[in-house]
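Read through the structure below, which is laid out as structure tokens, and then see the notes.
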């Protein structure tokens, strides 16, 4: 089968790279569950923060009966899309139980663990019992780990995407200007690039977070501002090589301006290396966000983040419940590995020396 266009040839070579194809499949799967979010999470409350201390630290596959007693609060119902992106506050109080008995205007409840409580109810108060299964168990606050893993994927992908967009915007702009203009402007831009390059990444992120606060928007900015130097150096090198080619000289002869030459003729021809570095930077951004959250400088509780979950549960790794720390760690590992595999696949597919 012949593949005449460069794009078709690149896609054909990429498909033959099984690890890269697996990485792309895992990324697509993660994106889907991140978009659906609360609609597929068993705990659909905001931040998946429905705490049931009585069933804390339960193993994967744990199930129990839960009695849901109406709170009596007027909670507005959200539409489908609002629920998907921000969750829905539950109108019920959830109590894990072993059994219950309705006696006149009270409920005699034997809770999970064997405690007995008497819960008063009114005639207009409704309650029901359901059987709940916790696919990945519960954490120290009795929250569903699977739900928080699902929502944590959204945080990682959003941070990675916005950070990569920031790094590409700054890096491509400065790198293309430096490579095409040359001279003193190139020296100034490369001085800035090398200065930022010399600062340790985590130190620079800490400085930005401490200066502007720990909001999630600051995390986007901090991570993005640490990765643009890689993009700028690669784009500059590619522009220096491409601008010497004959079609660029022809464009100059036709009287095209610098902006048109850079955007219409140079940048489309260097997208391959940019795509590779973007995939690598996506993986780096996910690791940085997880590291910041683990250290307490990133996404703040109760918002679920894989790094925050590691921070909350790492102590259980050596106390007989290692899955509490292993599950978010494996989630980070597989997503970072997938982006690295895709980056390697793109590099091989776009490398003309391997054709």
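Here, each number is a calculation from the coordinates, and none is a lab measurement. Remember, it's a predicted structure, so these values are computed and weren't measured experimentally. So basically every Cβ, Gly included, is an ideal-geometry build from the backbone, and we count neighbours across all protein chains shown.
Taking neighbour Cβ counts within 10 Å as the exposure measure, how do 65, 105, 144 sort from fewest upward? Could you put the intermediate results ahead of the total?
Numbers: 65 15, 105 10, 144 26.
Lowest to highest Cβ neighbour count: 105, 65, 144.
Going by the alpha-carbon gyration tensor, a ≥ b ≥ c the square roots of its eigenvalues, is the range 58-156 rounded (a/c under 1.5) or, if a/c is not under 1.5, prolate (a/b greater than b/c) versus oblate? Don't skip to the answer; put the middle values down first.
On the way: a/c = 3.13, a/b = 1.34, b/c = 2.33.
It is oblate, given that a/c is not under 1.5 and a/b is not larger than b/c.
I need the semi-axes of the equivalent ellipsoid of the chain: take the C-alpha gyration tensor, multiply each eigenvalue by 5, square-root it, list largest first in whole angstrom. Can you show the working numbers first?
Values: eigenvalues 536, 89, 68 Å².
After diagonalising the Cα gyration tensor, the semi-axes are 52, 21, 18 Å.
Pick out which of 278, 325, 317 has the largest mean-square fluctuation in a Gaussian network model of the chain, springs linking Cα atoms closer than 10 Å.
In this elastic network of the chain, the residue with the biggest mean-square fluctuation among 278, 325, 317 is 317.
Once Rh is set to the Kirkwood radius over Cα pairs, what Stokes-Einstein translational diffusion coefficient, in µm²/s, holds for the range 113-181 at a temperature of 4 °C and a viscosity of 1.567 mPa s?
73
Looking at the chain as a GNM with Cα springs under 10 Å, which of 39, 264, 132 has the largest mean-square fluctuation?
Ranking 39, 264, 132 by mean-square fluctuation puts 264 first.
Of 66, 162, 117, which has the largest mean-square fluctuation in a 10 Å C-alpha GNM of the chain?
117
Just to confirm the number: angle between the C-alpha axis of helix 228-242 and the first principal axis of the chain, 0 to 90 degrees, nearest 10?
30
Given Cα pairs under 8 Å that are at least 6 residues apart, what percent is the relative contact order of the chain?
21
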